[in-house]
1. If amide H atoms are built 1.01 Å from N in the plane of the peptide, which residues on other chains or at least 5 residues away come under 5 Å of the amide H of Ser40?
2. For Glu170 and Lys65, compute 0.36 nm times the residue count separating them, minus their Cα-Cα distance, and round to one decimal in nm.
3. Under a straight-distance cross-link criterion of Cα-Cα below 22 Å, which lysines are reachable from Lys167, leaving out those fewer than 8 residues away in the same chain?
4. Sequence neighbours fewer than 8 away in the same chain don't count; with that in mind, list the lysines whose C-alpha is under 16 Å from Lys61.
5. Show which aspartates and glutamates lie in cross-link reach of Lys224 when reach means a straight Cα distance below 15 angstrom and same-chain residues fewer than eight apart are skipped.
6. List Ser138, Ser71 from most exposed to least, where exposure is judged by having the fewest other Cβ atoms within 10 Å.
7. If you take the square roots of the eigenvalues of the alpha-carbon gyration tensor of the stretch 113-238 and sort them as a ≥ b ≥ c, do you get rounded (a/c under 1.5), prolate (a/b over b/c) or oblate?
8. Taking amide H positions as placed 1.01 Å from N in the peptide plane, with prolines and chain starts having none, which residues 5 or more places from Cys236, or on another chain, fall under 5 Å of its amide H?
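Please treat every number below as a calculation from the coordinates, not as lab data. The structure displayed is predicted, hence computed values, not measured ones. Here the Cβ is made from the backbone with ideal geometry for all residues, glycine too, and neighbour counts use every protein chain on show.
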Amino acid sequence: MKNFSLYFFIAFALLNCSSSKIDKKLLGNWYYVSGNQIISVFQFHKDSLVINERIGKTTLKWFSKNQRINSAYLKENGPQYDYYLNPNNDTLFLRLLGKVNLEDITLIRAKNNYDLFKKIIGLNIELPESDINLNPISISDHNFNVYAGYKDNNLIVKTDSNPNLDKIIEEVGRFRKNSRDEAKRFLKFNLIADKNIPASQMDSIISILEETSISKVYRTYQNKNTTNKGGLYWFCKQIK
């Protein structure tokens, strides 16, 4: 995957704001994903475009005209993109205009991170709810995601790379080896598990994770305050 700054993608040419209009079908959260990992989130609001990525957050003005999105930083212009929405209005394709040789990007519409992962991992997962304050943990290279949910009434526990946990020790070993030395102490599991999984099966899953070289296990929850958040973070409680 090419390395580039994602907010570079959405810095478009400055036009006169007095005549600006927006395509309301673009409003909402759009995710740029690679290998089941969220790279960035584009949040189109009526009065601004907020781009969350791992290096930080950028806010721009934006509007659209004739299938073209235009936006700008406070004082400078940027590239322009043509865009196309699929018939279901849930996938957004952006194409850079100009001479810069960058590939097109595809964004997926989702209400929040949980909604996105339900779409891309192929499992039915109903998150448990928690009334207490949840800790936001960033979606970063420090997290090893494990998904536990149902498909055709069968419980499936999988990772981003494998359909089960048979090779979890080897996977985590590679994950740890490829992590920066200064980041190794922050490594943790993010367990995204259905609320209906029996406690005995949850204990078995956690026991398998404890056999690896990562000692911290967090579990993702939801509550009324997290339902529509689309930033680069999960809402979790540490369970081990």
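1. Residues meeting the criterion, in which the H sits 1.01 Å from N, are Tyr32.
2. So the chain would gain 32.8 nm between Glu170 and Lys65.
3. Hits, sequence-local ones excluded: Lys151, Lys158, Lys177, Lys184, Lys188, Lys216, Lys240.
4. Lys21, Lys24, Lys46, Lys75
5. Asp115, Glu126, Glu129, Asp131
6. In increasing order of surrounding Cβ atoms, one gets Ser138, Ser71.
7. oblate
8. So Cys236 has HN proximity to Asn135, Ile137, Tyr221.
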